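K.L.:
Take this structure first; my questions come after.
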Amino acid sequence: MCGIVAGVAQRNVLPILLEGLRRLEYRGYDSAGLAIIDNQAIHRRRALGKVKELENLLAAEPLNGLIGIAHTRWATHGAPSTQNAHPHVSREHIAVVHNGIIENHEQLKAAQLGRGHVFASETDTEVIAHEFYDALQVTGTLLDAVKHAVKRFDGAFALGVISVSEPDTLIACRKGSPLVIGVGIGEYFIASDVAALLPVTQRFIFLEDGDVAELKIDHLAIFNAAGEPVERPIKKSQLTADAVDKGDYRHYMLKEIYEQPFALSQVLEGRFINQKLNENALGHNASRIFDAIKSVQLIACGTSYHAGLVAQYWFEELAGIPCRIEVASEFRYRQPILAENSLVITVSQSGETADTLAALMEAKNLGANYSIAVCNVAESSLVRESDLALMTRAGPEIGVASTKAFTTQLATLMLLVIALGRRYKLSEMAEEKITAQLFALPGTIEKVLELDGEIKALSESFAEKQHALFLGRGAHYPIAMEGALKLKEISYIHAEAYPAGELKHGPLALIDADMPVITVAPNNSLLEKLRSNIHEVSARGGQLIVFMDETLRQSSSQNVRVIKIPQVDNEVSPIVFTIPLQLLAYHVAVLKGTDVDQPRNLAKSVTVE
């Protein structure tokens, strides 16, 4: 979603704001803007399109100031346009940047029109600026104005606020949307995530829901939702400024695909003793919680939901424990019934996905006593709200289309399968086998990445295609779903996935020479059934692409293209078979000339419902 960066310093903040915006580009956006106070006036620049367009505007009309706010916008209320871009200003006196949605903005707007305010945009954010302006006339200080006015807002928000009445003061507040404070030497900054501020600091304060903060160059005060002064701990980030650089890769997505062997090794690091899972590494009270668990409820969205679908197979087949999974956006509205002593597992790359957070809160309201977050961001809201947190350790993922976050989620979920399986049907011998497979994963994936050239050549057959079908069976059906999602996300080719056994129940009608069919064919007990599906497609003239275990006897023919994947054991094969589908989607997108890292209409972190 939208990205915020702001600061108050003893130096010109403009370069810091621009660099922060560049580092937030991965979140997805359609416009960018900033406002700086200089000579008792607010100076604002906004541009439609990339941050580069804003930079060009500033090159022609330079700004200089010690305090400022900046924003990348992803349209929710109001079309992408310059007038709808942030910051929004009220009477040239107050400027605001906002991430989130104000659900009661229409009622607020009607009241503000009655008070004489003139609206220059179609956004819900402009009502925030006007509400702060009116409150300031009563309270006298910007801090009190914000504390007073935010009580009127229904919805989710992270805000940065400046005013000409206090040109040395930056106000920050959050409710339901993430916001961090960067602590410098004689300067403070705020941002939607730490990546934006790594060039200036590695020391951060993570605001909690309802917090309001007042920042000056020599002063920081934080107040909780009740208005009471509080202290929040300063944490040092382990990330460095160059951790989010592309390096020699053309796109972040390709870099992140190639980072997967290392990322998967990090999932295992320190969590095993003599090749045996150490439950203490999963949390200080993890074993006690696992002892009480009778079933598992998985909750996730998008790619994380696909990881959960694979894990559902694992929990029931390998661990022998009942498992359900639900899309987070459906869970909270379905009046679900949780089984007694369920472990609620939420899966999210960012830990800020609004639907997943809301579903976790609903699960707690329904009486869930045990929750664990499988997440990539240690300081995220989801981690803070969960009883346990199992970090995926993927490192920063900038590309909107998730790659290494997905495979590390799968590997991390397998650790939970092992831990719970010990208490049900997983034998010591089976555990040893799975553990050996996990430790072999980085090397196996290195071999799969060697197929990059072959897959790149294969992608040329997609140049003129408009549709594609993905097939898989068992735990590889979710992998087919993930492959279809990757292709549609970044190449804009319509793609669907089906369980291969459902081919005869409708999708077969779509098969022709213009509908490529991508099939995942590991060497397992469902192979022979999958072979019959392959023959059905081939017999109807469909172009068939089969990613197949190298031990299988199947070769390419006139309309069947076989890509042999290094041999891998069945339990972890979903992780391995994900890689070629990622590479295929990437090369097709490059061939079609799309914006691979920032595909249209999509955001990295969906922080509103």
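The values are calculated or read from the model by the stated rules, or taken from the named source; none is laboratory data. Just so it is clear, the structure is predicted and the values come from calculations on it, not from any experiment. Here Cβ is always computed from backbone atoms with ideal geometry, including for glycine, and neighbour counts include all displayed protein chains. Ligands, DNA and RNA are stripped out before the accessible areas are found, and what is left, the full protein with its side chains, is counted by its heavy atoms. Shrake-Rupley method; radii C 1.70, N 1.55, O 1.52, S 1.80 Å.
K.L.:
Compute the acute angle (0 to 90°) between the alpha-carbon long axis of helix 428-449 and the principal axis of greatest extent of the alpha-carbon atoms of the chain; round to the nearest 10°.
P.N.:
Tilt relative to the chain: about 70 degrees.
K.L.:
I need the calculated FRET efficiency for the pair Arg91 and Ile185, taking r as the beta carbon distance and R₀ as 45 Å, to the nearest 0.05. If you can, show how the numbers build up before the last one.
P.N.:
Working: r = 35 Å, r/R0 = 0.78.
FRET efficiency, Arg91 to Ile185: 0.80.
K.L.:
Further question on the same structure: Give the label of the value calculated from the structure for Kirkwood radius over Cα pairs in Å, choosing from (i) 27.4; (ii) 26.6; (iii) 25.5.
P.N.:
Only one listed value fits the structure, namely (iii).
K.L.:
Report the relative contact order of the chain, percent, no decimals, based on alpha-carbon pairs under 8 angstrom and at least 6 residues apart.
P.N.:
Values: 1358 pairs, mean separation 73.7, N = 609.
Rounded, it is 12 percent for the chain.
K.L.:
Something else: Rank-order 134-142, 4-12, 345-353 by packing density, defined as the average count of other C-beta atoms within 10 Å over each peptide's residues, highest first. Before the final figure, lay out each step's value.
P.N.:
Working: 134-142: 16.3, 4-12: 23.2, 345-353: 28.2.
Top to bottom by mean Cβ count within 10 Å: 345-353, 4-12, 134-142.
K.L.:
Please give the FRET efficiency for Ala457 paired with Ala436, using the beta carbon to beta carbon distance and R0 = 35 Å, rounded to the nearest 0.05. Spell out each step's value before the answer.
P.N.:
On the way: r = 34 Å, r/R0 = 0.96.
About 0.55, to the nearest 0.05.
K.L.:
Express the accessible area of the chain per residue in Å², computed with a 1.4 Å probe while the remaining protein chains stay in the model.
P.N.:
Numbers: 23230 Å² over 609 residues.
I get 38 Å² per residue for the chain.
K.L.:
Expected output is a single nm value to one decimal: the length gained when fully extending between Arg553 and Arg152, i.e. 0.36 nm times separation in residues minus the C-alpha distance. What is it?
P.N.:
On the way: separation 401, 0.36 × 401 = 144.36 nm, distance 6.70 nm.
So the chain would gain 137.7 nm between Arg553 and Arg152.
K.L.:
What is the angle, in °, between the Cα long axis of helix 354-365 and the longest principal axis of the Cα atoms in the chain? Nearest 10 is fine, range 0 to 90.
P.N.:
Approximately 80 degrees, to the nearest 10.
K.L.:
Considering only protein heavy atoms, what is the solvent-accessible area of Lys276 at a probe of 1.4 Å, reported in Å² to the nearest 10?
P.N.:
Around 90 Å² of this residue is reachable by solvent.
K.L.:
Determine the distance separating the Cα centre of the stretch 101-180 from the Cα centre of the stretch 379-458; give it in Å without decimals.
P.N.:
One Cα centre to the other: 43 Å.
K.L.:
Starting from the 7 Å offset along Cα-to-Cβ, what nm value, one decimal, do you get for the label separation of His77 and Asn369?
P.N.:
4.3
K.L.:
Using a 1.4 Å probe on the protein heavy atoms, what percent of the accessible area of the chain belongs to carbon and sulfur? Kindly include the intermediate steps, with their values, before the conclusion.
P.N.:
Working: 11200 of 23230 Å².
The value for the chain is 48 percent carbon and sulfur by accessible area.
K.L.:
Counting only the heavy atoms of the protein chains, how much of Arg324 is accessible to a 1.4 Å probe, in Å² to the nearest 10?
P.N.:
120
K.L.:
Still on this model: Could you sort Asp549, Asp209, Asp193 by their accessible area in this structure, using a 1.4 Å probe and putting the largest first? Numbers along the way, then the final one.
P.N.:
On the way: Asp549 0, Asp209 90, Asp193 30 Å².
So the residues, ranked largest to smallest area, are Asp209, Asp193, Asp549.
K.L.:
Rounding to the nearest 20 debye, state how big the charge dipole of the chain is about its Cα centre with +1 on each Lys and Arg Cβ and -1 on each Asp and Glu Cβ. Provide the component values of the computation, followed by the final result.
P.N.:
On the way: 57 positive and 72 negative charges, 108 e Å.
Here the size comes out at about 520 debye.
K.L.:
With a cut-off of at most 12 other beta carbons within 10 Å, and DSSP calling the residue loop, which chymotrypsin sites (Phe, Trp or Tyr not before Pro) in the stretch 262-353 qualify? Please list them.
P.N.:
On the way: sites: Phe262, Phe272, Phe290, Tyr305, Tyr313, Trp314, Phe315, Phe331, Tyr333; in loops: Tyr333.
Answer by residue number: Tyr333.
K.L.:
Asp248 to Glu106: extension gain in nm, 0.36 nm per residue of separation minus the Cα-Cα distance? Don't skip to the answer; put the middle values down first.
P.N.:
On the way: separation 142, 0.36 × 142 = 51.12 nm, distance 4.81 nm.
Length difference between fully extended and current span is 46.3 nm.
K.L.:
Here's something else I'd like to know. Out of all DSSP beta bridges in the chain, what portion is antiparallel? Express it as a percent rounded to 5.
P.N.:
Working: 64 of 106 bridges.
Here the antiparallel bridges make up roughly 60 percent for the chain.
K.L.:
Pop a pseudo-label 7 angstrom from the Cα along the beta-carbon direction at both Arg232 and Phe272 and give the gap in nm to one decimal.
P.N.:
About 3.8 nm, to one decimal.
K.L.:
For the pair Ala281 and Lys216, how long in nm is the line joining their label points, each one 7 Å along Cα→Cβ?
P.N.:
That separation, rounded to one decimal, is 4.9 nm.
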